[in-house]
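Here is the structure we will look at, set down as structure tokens.
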Amino acid sequence: MFDIAPPSDLPKPLAYTALAQSAAALIEGEHDPVANMANLAALIWMSVPRLNWAGFYRMVEGELVLGPFIGKPACIRIPVGQGVCGTAAALGATQLVTDVHAFPGHIACDAQSRSELVVPVLVHGRVRAVIDLDSPELARFDEEDAAGIELVARVASTFL
Ligand code: SME
């Protein structure tokens with residue numbers, strides 16, 4: 001239905017700017033958080049290459065609970081402070097993990113995952129969700145990916 005992924009030959013920062021613009025366009029006029037998270041997960045999946053999981057965990061009554069995603073079925077609840085997602089939620093800060101096997105307490109939902117990027121979605125300074133990207137490639141993500149997904153998180157903060 002939507003064919004709005006940015007061309008992959010753009011320099012990464014420009015591709016992420018285009019991705020964030022597409023994200024804003026996708027959610028425009030819609031406030032349902034599940035529908036919007038589902039579309040943003042799909043948009044990330046079709047725009048960011050070499051992923052095996054992309055989606056949301058939401059902050060629900062003090063713990064992270066699985067939200068809309070693309071990838072293999074995943075663990076449903078993650079306590080704040082545990083794993084990469086729980087660490088991002090506890091610190092309110094992006095976690096860029098080049099080798100998940102070297103991250104103490106990493107939660108392996110898909111044994112194929114080798115690197116991970118988790119970006120918190122902040123609303124009025126509080127963590128409302130995290131966006132989690134996994135890759136089967138070691139060191140798949142860099143600071144440009146982190147900055148790019150932070151742009152998408154800013155879009156998500158408008159409906160969460
Ligand atoms: N690896 C994550 C758990 C979520 S899955 O990757 C989808 C973590 O350590 O928090």
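Read-outs throughout are calculated quantities, based only on the coordinates presented, and are distinct from any laboratory measurement. Since we're looking at a predicted model, the values are computed, not measured. Cβ atoms come from the backbone with ideal geometry, glycine included; neighbour counts cover every protein chain shown.
In this label model, Ala139 and Glu30 are separated by 3.8 nm, measuring between points 7 Å along each Cα→Cβ vector.
Considering every pair of different Cα atoms, what Kirkwood radius, in Å, is found for segment 12-156?
After inverting the pairwise mean of 1/r, the radius is 14.8 Å.
Under the simplified labelling scheme, the Ala90-Cys75 pair shows an inter-label distance of 1.3 nm, with each label point 7 Å from Cα along Cα→Cβ.
Along the positive direction of the dipole of segment 12-156 (beta-carbon charges: Lys, Arg +1; Asp, Glu -1; about the Cα centre), which of Ala25, Val48, Gly86 reaches farthest? Ranked along the dipole, the leading option is Gly86. Projecting the Cα atoms of Leu10, Leu133, Gly67 onto the charge dipole of the chain, computed from C-beta unit charges around the Cα centre, puts Gly67 farthest toward the positive end.
Using only DSSP helix segments of four residues or longer, with each worth -39500 (n - 2.57), what per-residue ellipticity at 222 nm results for the chain after dividing by its residue count and rounding to 500?
Helices in the chain give a 222 nm mean residue ellipticity of -11000 deg cm²/dmol.
In loop segments of segment 51-160 as defined by DSSP, the GluC sites (Glu not before Pro) with at most 11 further C-beta atoms inside 10 Å of their C-beta are Glu61.
Segment 84-128 and segment 23-46 have Cα centres separated by 21 Å.
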